[in-house]
Amino acid sequence: MKDGFWPKVLLVESDESQAQAVSSRLATCRYEVRTAADSAAAVREIERDCPHYLLVQWPLPGTDSGTLCSKIREMELPNYVFVILLAEQGGPQAAAEGLNLGADEVLPRPAPAEELLARMNAGARMLSLERRLQRMISVDPVTGLATRRAFLAEARREHGRAVRYGRTMACVMIDIDFFKRVNDSFGHQAGDDVLKAVAEVLAGSSRASDLVCRYGGEEFCALLPETDEDGAAEWADRVRDTISRLRLPLGGWPIAVTASAGVAEWLSETSRLEDMIELADQALLVAKESGRDRVVRHSILRDSALLARCNERNPFHGATARDVMTPLVPCLKEDETVGEATDFFLRFRIAASPVVDGRGKLVGILSEKDLIPLMTMERGWERPIRDVMRGNIVCYGEETPAQKICDFFVRSAVRRVIIVDDGYPVGIVSRGTMLRWYRNWLVARGIVAAAPAPGGDGSAESHKSLLATSQLILQEAEKLCSELRETLGTPLGPLIRRASNLEELNNDLLVQAQSITSGARREGSECGIRNAE
């Protein structure tokens, strides 16, 4: 057979001599043939080792071979099974009935040898196509390892056997350290070269029974049957050490890469495969946050000292979206006009706002950028904002860990996300929000000094700044009044410019007035961070 593929056949036949004759004929054509005398034995054989072809006597004495055919189509099998019914009664009616039961072919029994082989060759084309499609979805094109989907399908079967027979099993999550820097510095082709090199280390370090896949991005997952946490940690550390000794010629220079790993063992309380993977992922997170290029076992996460050292380096540890978000000013309503939205943005000095329906539920988001194209459209200011708002909103709940939102900003070009409570918008978290929280965290630990309030180093200086801005407002207002008195024909341009200047100065005055108390508010925020810790 092509590509080293030797198809397996299960022949379900009650007549021993007939079974022997068919088996011998197929064996001469390099088919691997097994036999079963009834439906129950056939199901056991299929569950033990799924065949590629199923040849079934129809009907089987004392059993329903039609039910067997239907049952095959309902089973979750690793490959398609090409079913041929060998019918006692021939004719179009029997063929139609057999095909409706789920068979691929219906032949007379005993089937002429040449016709049987021709029908099986036709089935081979279908099986070959399935193998090619299966490879496309089960093999990662960059690394040659299993895809996450294929890995999980096989891992669930392996996990089921471990649970059924009480065998040990461990999971290792592996992540390449600072992989984004490789892509940014040397390009994505260099990133692919790193992925391939790490994949080769993993494949070369694995047993035939181990399952290894590219789990996503620069993350890999390995399932190690018959292995406890100690053994898995030793395996992971050997892999980590081998990776650290790689020297890859990127950009004309030999570049070293490192990897971090988290290890977890299957325990009786982790009933699902996904639970064990999640435990390994938690250990991986600790490995990365505690210095990288190391292996961390999930069992030692009970060591509070290690977690404390890890948390000291994470400004978002324990913080939720509610803690870091900026509470919302009143939101825009979807039936408001572009003109009303423009006034809203200018009044509140914001660049974007959630949009809600009549019940106050979030339906979209509108930004200044969305309004710009309408400025030159006739009567564009009258259009309802539901026509121009964006509906693809990134939302998180109030209890979402702040670290998760931070990770999203790292991977995405999105500038802000909406925080919701049961579909109602309650706040916004932006990149600036995260930076403010981070700076307050640094200030709270004495790593950096608190920034002075805008407008001066003290209250007297702030009041002087307020007075200076107020005087500028008076001067602009007097100029505007003078121009209006001198002529009624003043061009609109200068008047709009003067009015805009006044509005900007008024906004500056408001910001400076608020900044007098911002220092106290900042201190309160820093104290809140300290108290939370």
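Per-structure values
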{"read-out": "Filtered residues of the stretch 373-389 (kept if modelled with pLDDT of 85 or more and either β-branched (Val, Ile, Thr) or within 16 Å of Ile428 (Cβ to Cβ) (or both))", "value": "Ile385, Val388, Met389"}
{"read-out": "Of residues in the stretch 44-54 being crowded, with 16+ Cβ neighbours inside 10 Å and free of Cβ contacts under 8 Å to residues at least 60 places away in the same chain, the one farthest from Met120 (Cα to Cα)", "value": "Glu45"}
{"read-out": "Count - residues of the stretch 242-274 that are farther than 15 Å from Val172 by Cβ and among the acidic types (Asp, Glu)", "value": "2"}
{"read-out": "Among the candidates Leu77, Leu10, residue that is free of Cβ contacts under 8 Å to residues at least 40 places away in the same chain, in the same structural domain as Met126 (by TED's automatic domain parsing), within 19 Å of Leu127 (Cβ to Cβ) and of a type in the set (A, V, I, L, M)", "value": "Leu77"}
{"read-out": "Residues of the stretch 413-445 classified as within 22 Å of the chain's Cα centre (by Cα) and without any contact (Cβ under 8 Å) to a residue 12 or more places away in the chain, total", "value": "1"}
{"read-out": "Residue within the stretch 379-394 that is small (Gly, Ala, Ser) and in contact (Cβ under 8 Å) with a residue 60 or more places away in the chain present", "value": "no"}
{"read-out": "In the stretch 341-372, the residues that are of a type outside the set (Val, Ile, Thr) and either outside the structural domain of Arg383 (by TED's automatic domain parsing) or surrounded by 15 or more Cβ atoms within 10 Å (Cβ to Cβ) (or both)", "value": "Ala341, Phe344, Phe345, Ala352, Ser353, Pro354, Leu362, Gly364, Leu366, Ser367, Asp370, Leu371"}
{"read-out": "Of residues in the stretch 62-102 being in a loop (DSSP other than H, G, I, E, B) and within 21 Å of Asp15 (Cα to Cα), the one modelled with the highest pLDDT", "value": "Glu88"}
{"read-out": "Qualifying residue in the stretch 211-221 (condition: in contact with a Ser or Thr (Cβ under 6 Å, 6 or more places away or on another chain), crowded, with 21+ Cβ neighbours inside 10 Å and not hydroxyl-bearing (Ser, Thr, Tyr))", "value": "yes"}
{"read-out": "Candidates Arg207, Arg149, Arg164, Arg135, filtered to the one that is exposed (fewer than 14 other Cβ atoms within 10 Å of the Cβ) and not in a helix (DSSP H, G or I)", "value": "Arg207"}
{"read-out": "Members of the stretch 103-126 found to be more than 10 Å from Leu86 (Cβ to Cβ), charged (D, E, K, R) and not in a helix (DSSP H, G or I), listed by number", "value": "Asp104"}
{"read-out": "Residue selected from the stretch 5-32 under the condition of a type in the set (Val, Ile, Thr) and under 20 Å from Ala87 (Cα atoms), by the criterion surrounded by the fewest Cβ atoms within 10 Å (Cβ to Cβ)", "value": "Val9"}
{"read-out": "Filter result for the condition that a residue is surrounded by 11 or more Cβ atoms within 10 Å (Cβ to Cβ) and either modelled with pLDDT of 75 or more or in a loop (DSSP other than H, G, I, E, B) (or both), over Leu466, Leu472", "value": "Leu472"}
{"read-out": "2 or more residues more than 32 Å from the chain's Cα centre (by Cα) and within 22 Å of Arg415 (Cα to Cα): qualifying helices (runs of 4 or more DSSP H) within the stretch 319-395", "value": "338-348"}
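So that you can scan it fast, the table gives a plain yes or no per residue for (1) in the same structural domain as Ser209 (by TED's automatic domain parsing); (2) of a type outside the set (Phe, Trp, Tyr); (3) touching a helix residue (DSSP H, G or I) at 6+ places or on another chain (Cβ under 6 Å):
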site: Ala113; (1), (2), (3): no, yes, yes
site: Arg132; (1), (2), (3): no, yes, no
site: Gly160; (1), (2), (3): yes, yes, no
site: Gly191; (1), (2), (3): yes, yes, yes
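The values are calculated or read from the model by the stated rules, or taken from the named source; none is laboratory data. These figures come from a predicted structure and were not determined experimentally. Methodologically, a virtual Cβ is constructed for each residue, glycine included, from the backbone with ideal geometry; neighbour enumeration extends over all protein chains shown.
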